[in-house]
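Student: For reference, the structure I am asking about is given below.
The values are calculated or read from the model by the stated rules, or taken from the named source; none is laboratory data. None of these values were measured; they are calculated from a predicted model. Reconstructed Cβ throughout: ideal geometry from the backbone, glycine too, with neighbour counts over all protein chains shown. Keep in mind that these areas ignore ligands, DNA and RNA; they rest on the heavy atoms of the full protein, side chains included. Shrake-Rupley method; radii C 1.70, N 1.55, O 1.52, S 1.80 Å.
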Amino acid sequence: MVARKPYGTVIPAMVTPFTADGEVDYVRAAELARHLVDLGCDGILVGGTTAESPVLTEEERERLVRTVVDAVGDRVFVWAGTGTNDTRASAELSRRAEAAGADGIMLVTPYYNKPPQEGLYRHFRTVAEATRLPVMLYNVPGRTGCNLAPETVARLATTVENVVAIKEASGSLDQVSQIRAQTPPEFLIYSGDDSLTLPILAVGGSGVVSVAAHVVGDLLVAMVRAYRHGDVLEARRLHLEMLPLFKALFVTTNPIPVKAALRLTGFDVGGYRLPLVPPTPAEEEAVRRALHGLGRLRAAATV
């Protein structure tokens with residue numbers, strides 16, 4: 001499948017800004033999308049797990065897609081997270097995202113109901129056939145309790161025309177290598193873990209769907225560019241420089257730390273919807289230390 005524009009290399013899984021009374025802040029969402037693209041990010045994912053998608057209504061998710069498309073859709077590829085553990089609901093969300101202007105959709109493996117591989121194949125195929133958009137699969141067993149096997153990824157990549165990519169967050173380089181070995185060369189593999197982006201590039205990956213890009217998008221872009229230009233030493237230097245931040249952003253449940261990181265860097269996106277809660281003082285301090293090490297704290301946050 002030929003996309004209207006490049007799918008992106010460093011793709012922030014954008015958080016959802018909230019107002020003080022817990023409503024989605026669409027104005028701030030547009031500002032954040034523009035901020036991320038200005039950092040150098042060449043794609044945006046709206047409505048992923050980092051966006052607190054389980055607590056967003058269908059209407060909020062659709063409006064967020066429209067908001068981000070209006071803000072940066074002329075500059076970068078906009079992906080919309082539309083996966084659920086209900087095939088029919090996922091198909092409907094995908095149709096709504098397409099109508100809202102999304103360039104592509106991302107589908108997480110169905111969570112909690114733990115389907116077998118044949119069920120996963122049929123789920124993804126059914127949803128992909130409900131839209132004309134490119135589809136990125138999303139494998140994150142630690143969240144879903146369900147692993148999408150490399151053989152199933154390969155089956156989808158070779159039999160469903162618009163399945164074009166995977167966000168692979170199993171944490172297994174062996175699994176990434178197996179996916180690369182079994183899929184066509186044009187099938188894109190994105191790291192779903194910031195700390196594994198560089199190793200995954202080395203085994204045939206295409207980039208990262210990132211949490212850390214909210215605050216170090218420019219550095220991630222520089223790391224990927226250095227690796228692709230053959231400067232492995234510079235890519236490694238940047239990876240190691242960012243590694244403490246990668247770890248700090250998962251000191252507790254995502255997106256709790258990254259929203260704190262945005263606030264500490266001077267780009268406040270508000271709070272959280274239950275069941276997520278603000279970070280503890282110790283958790284925030286871990287984020288603060290990592291940002292300080294990178295010189296990313298705003299002045300008022302250094303005291």
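Student: Which pairs turn up if I take residues in segment 86-109 that are modelled with pLDDT under 95 and look for partners that are open to solvent by 10 Å² or more (accessible area, probe 1.4 Å) with beta carbon separation below 6 Å, at least 6 apart in sequence or on another chain?
Tutor: Close Cβ pairs (under 6 Å, with a partner that is open to solvent by 10 Å² or more (accessible area, probe 1.4 Å)) do not exist here.
Student: Specify which of the listed residues (THR265, THR252) is open to solvent by less than 60 Å² (accessible area, probe 1.4 Å) and more than 22 Å from ARG143 (Cβ to Cβ). Don't jump to the end; show me each part of the working.
Tutor: Numbers: THR252 fails: more than 22 Å from ARG143 (Cβ to Cβ).
Residue meeting the stated conditions: THR265.
Student: What number of residues in segment 118-131 are part of a loop (DSSP other than H, G, I, E, B) and either free of Cβ contacts under 8 Å to residues at least 24 places away in the same chain or open to solvent by 20 Å² or more (accessible area, probe 1.4 Å) (or both)? Let's see the steps before the verdict.
Tutor: So in segment 118-131, the residues part of a loop (DSSP other than H, G, I, E, B) come out as 129-131.
Next, only the ones that are either free of Cβ contacts under 8 Å to residues at least 24 places away in the same chain or open to solvent by 20 Å² or more (accessible area, probe 1.4 Å) (or both) stay: 129-130.
Of the residues in segment 118-131, 2 are part of a loop (DSSP other than H, G, I, E, B) and either free of Cβ contacts under 8 Å to residues at least 24 places away in the same chain or open to solvent by 20 Å² or more (accessible area, probe 1.4 Å) (or both).
Student: Now, a different point. Can we say THR144 is free of Cβ contacts under 8 Å to residues at least 60 places away in the same chain and under 19 Å from the mean Cα position of the chain (by Cα)? Working first, answer last.
Tutor: Values: free of Cβ contacts under 8 Å to residues at least 60 places away in the same chain: yes; under 19 Å from the mean Cα position of the chain (by Cα): yes.
Spelling it out, THR144 is indeed free of Cβ contacts under 8 Å to residues at least 60 places away in the same chain and under 19 Å from the mean Cα position of the chain (by Cα).
Student: It is to be established whether one or more residues within segment 174-184 are under 28 Å from LEU64 (Cα atoms) and crowded, with 16+ Cβ neighbours inside 10 Å.
Tutor: If we filter segment 174-184 for residues that are under 28 Å from LEU64 (Cα atoms), which is where we start, we get none.
Scanning segment 174-184, I find no residue that is under 28 Å from LEU64 (Cα atoms) and crowded, with 16+ Cβ neighbours inside 10 Å, so the answer is no.
Student: For the condition over 21 Å from LEU56 (Cβ atoms) and open to solvent by 10 Å² or more (accessible area, probe 1.4 Å), what is the one hit in GLY293, GLY217? Break it down into steps so the answer makes sense when it comes.
Tutor: Details: GLY217 fails: open to solvent by 10 Å² or more (accessible area, probe 1.4 Å).
Just a single option satisfies the conditions, and that option is GLY293.
Student: Within 21 Å of the chain's Cα centre (by Cα), without any contact (Cβ under 8 Å) to a residue 40 or more places away in the chain and farther than 22 Å from GLY295 by Cα: which single residue out of THR253, THR280 fits that description? Can you show your working first?
Tutor: Values: THR280 fails: within 21 Å of the chain's Cα centre (by Cα).
After applying the criteria, what remains is THR253.
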